[in-house]
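Enquirer: Got a structure for you, written out below as structure tokens; questions coming shortly.
The values are calculated or read from the model by the stated rules, or taken from the named source; none is laboratory data. What you are looking at is a predicted structure, and each value in this text was computed from that prediction instead of being measured. We place every Cβ from the backbone using ideal geometry, glycine too, and count neighbours over all the protein chains shown. The accessibility values were calculated without ligands, DNA or RNA, using every heavy atom of the protein model including side chains. Shrake-Rupley method; radii C 1.70, N 1.55, O 1.52, S 1.80 Å.
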Amino acid sequence: PTGYMENSISYSAIEDVQLLSWENAPKYCLQLTIPGGTVLLQAANSYLRDQWFHSLQWKKKIYKYKKVLSNPSRWEVVLKEIRTLVDMALTSPLQDDSIHQAPLEIVSKLLSENNNLTTQDHESIIVAIAPLLENNHPPPDLCEFFCKHCRERPRSMVVIEVFTPVVQRILKHNMDFGKCPRLRLFTQEYILALNELNAGMEVVKKFIHSMHGPTGQCPHPRVLPNLVAVCLAAIYSCYEEFINSRDNSPSLKEIRNGCQQQCDRKPNLPLRLLHTSPDLVSQEATLTESRLKPVIVTASDIHVEVERNNTANQKMTANVGNDSEPNLIDCLMVSPTCSTMSIELSAQADRILGCYVEILKMLSDYDDWRPALASLLQPIPFPKEALAHEKFTKELKYVIQRFAEDPRQEVHSCLLSVRAGKDGWFQLYSPGGVACDDDGELFASMVHILMGSCYKTKKFLLSLAENKLGPCMLLALRGNQTMVEILCLMLEYNIIDNNDTQLQIISTLESTDVGKRMYEQLCDRQRELKELQRKGGPTRLTLPSKSTDADLARLLSSGSFGNLENLSLAFTNVTSACAEHLIKLPSLKQLNLWSTQFGDAGLRLLSEHLTMLQVLNLCETPVTDAGLLALSSMKSLCSLNMNSTKLSADTYEDLKAKLPNLKEVDVRYTEAW
């Protein structure tokens, strides 16, 4: 009979498969031998015929091995069949993922149904299937088997020789651990097994280095996100016991406010804001022995930070109990009370936590990985129980310190919160934050790097004044130059409205040599500013080409420019640094920055101070969307030239919507053109 088959033929019924090769045989045919006869299958061409031939042979053998391995009698025979199965998969001309996956699934099922295997049997099977694992991920059940082996025999050579290339492949490829959680668990157990070796974390460090590569740039973009995902999952598992009992655990807000349970809330410690008395003649007396005279109460719910040091607690309690005035150091630690949860991890969980926090430290040491790592950790992807655990936050502090030391804005900007109203690492590690365990050194470091880039803005200073003024004053009192600069900027930009607070800031500045010097410089700048802004001088001014920031500063300090309305800096060498001088021009309405090096940081500063600016030329400047978006607050702008900048179409549409008076816009040679 010819035509289509009326009934299907099961693979198990096929006894033999052959290519027809005799003379005058039908073209492109296969001969299947079945009980009771043969069947000829004719393909359209020789390529398709060969595909059928190898596929049928593969299926036939797979059914055979499934049958043999489903009822194992002697493990010597089983091991031999597994090796033959692996060889067949490796030598098959078929190109399909299932060719290598099918043998792994057969072995996986075999192992899941036989739990009485010896350790030697385990290792023999792993070694037998190792060639298939070089280019294929292990199935879920096989991952369970590998995890068990890592836990029970972490020092086995199989872990190093067989599992290492498997884990490297998992980390280098685009892996969705959400869909394949057992692959992530296997990677976790493998790393923990490395940590159990004699060299411990040194072996783990070498593995991380092998994943990064010897060059300064890791060639595999998926390695870091996958490693971070493994670390986060492992750290989460350490606190699972506490997370599962969250009915009795406090919220992060309660932790930050110092209460573990509703009934455990500590009584408020009232505190009056103070400033130094004029009759104090010695800085030594101010810092140590002298008491301060109360002037006025400016807030009713300010609390003194409850320090972890018991001696400090006793001293503070004694002061409150005796109704004596607190000294300036006590006064300046103005922040919510802070304590940590009592969390005791098991020995196993503590070992896991130590290993994976150490890996995060290692990742932060690679310059090319640090920007992506900072971005991944910016949303604080840890459970609140971890953030309340003193050991965890103390160990993680190294990573945050590395972010704070990195001069790249894309790194240290991740210290701030993802969005308004949400805490970031900056808040958690600043005095009063749940993770702060020092006297503000890390806080000072974070503020220093943020102020040194593009965050010297009114908005950032205002947030410090509202939330961290006490710690800033305390650190300034101890001679921290960054905090002294912060306080001077708060006075210079009129951030502080309250006169008593201003007086206290001035007293703090005058208490140290560096503060006194910078305050005197501030006073000099204020006098120069008054002279600069005094009515008079030209209405139009053009700087010669090749002029620098220093040239502009010298020019503006030479007389009065209160009438200056039009300033052209076109084709000069000025940068964003000159913005600090431009914002002092009260009458400025037209500013030409064509072909300068003026960037995003300068634009942010201009947008906060020169709100009356009407004409702005940014043609051929290095500004980007990050700085151009700040112009949306300059409602008086009616002419804006962004020709040949890195303006995007979305930012252009946003500016048009937020600047109602904008009539003339030049966006040629930009994405928005």
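Enquirer: Looking at segment 4-12, can you tell me whether even one residue there is open to solvent by 90 Å² or more (accessible area, probe 1.4 Å) and of a type in the set (A, V, I, L, M, F, W, C)?
Expert: There is at least one residue in segment 4-12 that is open to solvent by 90 Å² or more (accessible area, probe 1.4 Å) and of a type in the set (A, V, I, L, M, F, W, C).
Enquirer: Exactly one condition in (1) under 30 Å from Glu653 (Cα atoms); (2) surrounded by fewer than 16 Cβ atoms within 10 Å (Cβ to Cβ) is not met by Ser558; state its number.
Expert: All conditions pass for Ser558, except number (1).
Enquirer: Continuing with this model, one more query. Out of all the residues in segment 603-624, is one or more hydroxyl-bearing (Ser, Thr, Tyr), part of a loop (DSSP other than H, G, I, E, B) and surrounded by fewer than 18 Cβ atoms within 10 Å (Cβ to Cβ)?
Expert: yes
Enquirer: Listed residues Ala579, Ala550; which is surrounded by fewer than 17 Cβ atoms within 10 Å (Cβ to Cβ) and outside any loop (DSSP other than H, G, I, E, B)?
Expert: Result of the check over Ala579, Ala550: Ala550.
Enquirer: What about Ile343, is it touching a Ser or Thr at 6+ places or on another chain (Cβ under 9 Å) and β-branched (Val, Ile, Thr)?
Expert: Numbers: touching a Ser or Thr at 6+ places or on another chain (Cβ under 9 Å): no; β-branched (Val, Ile, Thr): yes.
No; evaluated as a whole, the condition is false for this residue.
Enquirer: Sticking with this one: What pairs come up if the first residue lies in segment 14-29 and is free of Cβ contacts under 8 Å to residues at least 24 places away in the same chain, the second is assigned to a loop (DSSP other than H, G, I, E, B), and their beta carbons are under 6 Å apart, counting only those six or more places apart or on different chains?
Expert: Tyr28/Ala43; Cys29/Leu20
Enquirer: Are there any helices (runs of 4 or more DSSP H) wholly within segment 49-149 with 3 or more residues that are closer than 30 Å to Leu20 by Cα and out of contact with any Pro (no Cβ under 7 Å at 6 or more places or on another chain), and if so which?
Expert: Correct list: 75-91, 97-113.
Enquirer: Separate question: Please verify whether Val86 is surrounded by fewer than 16 Cβ atoms within 10 Å (Cβ to Cβ), among the β-branched types (Val, Ile, Thr) and without any contact (Cβ under 8 Å) to a residue 60 or more places away in the chain, treating the condition exactly as stated.
Expert: The answer is no for Val86.
Enquirer: Name the pairs: first residue in segment 351-368 and closer than 18 Å to Glu390 by Cβ, second residue of a type in the set (Ser, Thr, Tyr), Cβ to Cβ under 8 Å, at least 6 apart or on different chains?
Expert: Correct list of pairs: Ile352/Ser237; Lys361/Tyr398.
Enquirer: Looking at segment 634-669, which of its residues are buried (at least 18 other Cβ atoms within 10 Å of the Cβ) and out of contact with any strand residue (DSSP E or B) (no Cβ under 7 Å at 6 or more places or on another chain)?
Expert: Met634, Ser644, Thr645, Leu647, Thr651, Tyr652, Leu655, Leu659, Val667 - these are the residues of segment 634-669 that are buried (at least 18 other Cβ atoms within 10 Å of the Cβ) and out of contact with any strand residue (DSSP E or B) (no Cβ under 7 Å at 6 or more places or on another chain).
Enquirer: State all residues of segment 646-673 that are of a type in the set (A, V, I, L, M, F, W, C), more than 14 Å from Leu618 (Cβ to Cβ) and not in a loop (DSSP other than H, G, I, E, B); if no residue qualifies, say none.
Expert: Answer for segment 646-673, where residues must be of a type in the set (A, V, I, L, M, F, W, C), more than 14 Å from Leu618 (Cβ to Cβ) and not in a loop (DSSP other than H, G, I, E, B): Ala649, Ala657.
Enquirer: If a residue has to be outside any loop (DSSP other than H, G, I, E, B) and open to solvent by 60 Å² or more (accessible area, probe 1.4 Å) to count, how many in segment 150-159 make the cut?
Expert: Count: 3.
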